Amino acid sequence: MSSSPSAGSGQRRGLLFIVSAPSGAGKTTLVERLVEQSPRLKMSRSYTSRAAREGETDGVDYNFVSRPHFEAMIAASQFLEWADVFGNLYGTCATDTETLLDAGQDVVLVIDVQGARKVRQRGIETTAIFVMPPSFDVLEQRLRGRSKDSEADIQRRLRMARDEVASFVEYDYVVVNDELTAAVDRLRGIVIAERARLNRMRGEAAGIVRTFA
Ligand code: 5GP
C-alpha cells in the first residue's frame, strides 16, 4: 500500500484513521455514529474467523470466514494487517482499503492495538485514535451490562483491557468515552482537523490562490 498523500488522478487520496479501544469501551457505537455524521468517511469491514454473534450479519458487521480461508488469505498476503484477538483471527483486507482510499474516501479501521502497530510498522501514514473508558469500574459495568458474555469472558476482557489501555501513548489522539454524543463530537473534531492540515489542503488552496492572479 502506498503512503502517498495524493492519488495519481489529482484527486486527494483518502486519509486512513485507526480507532482502537479495549473491548466494551463503546468504540463500535462511537465509530458508527462518527461515520453517519461524516460525509466521505467509511468504516472498513474486517475479516474474522470468529463465529457471528446473534444479531450480526455476514458482509455487514464483518466478513465471516472459516479459519482455513483466513489462513489462506494470510498466505496470499491479502491483509494490510491481521491479529489474533481472544483466539480468533481478525484482519483488514489491503485491496478493500486501497480501493476506498484511491477513490478519495477517508477510511476508519476499528482494530486492536496489535493491528495498529502493524499498520504503523509498514510506514503507512495514519491518524490513530485511542478510545478509553472513563475508568476501570465503568468498563466493568459496561461489559456486565451487555450481559451477552460469560463471567470468564468478562474477566478475560478486563485482563486484556489492563494491558491495552497502557498502549494509549502509541496513538496520536485520545478520546475518553464518558458521554456518547460528546465523544462522537471529539472524534469528528479530529477528522475535521486532520482534513484541514496544510499537506492535505495544499492543492485546493493553491487553486484558490490562482483565482487571485
Ligand atoms: P469483537 O470480536 O468483539 O467484534 O472484536 C474483538 C477485537 O478485535 C476488537 O478489539 C476489535 O477492534 C478487533 N478487531 C476487529 N477487526 C479487526 C481487524 O481487522 N484487525 C485487528 N487487528 N483487530 C480487529
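Residue by residue through segment 55-102, note down the ones that are in contact (Cβ under 8 Å) with a residue 60 or more places away in the chain, over 25 Å from residue 153 (Cα atoms) and touching a Lys or Arg at 6+ places or on another chain (Cβ under 9 Å).
80, 100, 101, 102
Test of understanding: among 139, 100, which residue is assigned to a helix (DSSP H, G or I) and closer than 19 Å to residue 85 by Cα?
Being assigned to a helix (DSSP H, G or I) and closer than 19 Å to residue 85 by Cα holds for just one of 139, 100, which is 139.
Out of the residues in segment 30-68 that are exposed (fewer than 13 other Cβ atoms within 10 Å of the Cβ) and part of a helix (DSSP H, G or I), state the one that is nearest to the ligand (Cβ to nearest atom).
So, considering only residues that are exposed (fewer than 13 other Cβ atoms within 10 Å of the Cβ) and part of a helix (DSSP H, G or I), the one nearest to the ligand (Cβ to nearest atom) is 67.
Any residue in segment 70-77 that is more than 15 Å from the ligand (Cβ to nearest atom) and aromatic (Phe, Trp, Tyr)?
Scanning segment 70-77, I find no residue that is more than 15 Å from the ligand (Cβ to nearest atom) and aromatic (Phe, Trp, Tyr), so the answer is no.
Starting from segment 148-175, take each residue that is surrounded by fewer than 16 Cβ atoms within 10 Å (Cβ to Cβ) and list its partners that are small (Gly, Ala, Ser), counting only C-beta distances under 8 angstrom and pairs at least six apart or across chains.
Matching pairs, first to second residue: 170/116; 170/128; 172/128.
Could you tell me how many of the residues in segment 8-24 are modelled with pLDDT under 95 and away from the ligand (no atom under 16 Å from the Cβ)?
6
The values are calculated or read from the model by the stated rules, or taken from the named source; none is laboratory data. Note that the structure is a prediction, hence the values are computed from the model and not measured. Don't worry about glycine lacking a Cβ; one is built from the backbone with ideal geometry, like all the others, and counts go over all protein chains shown.
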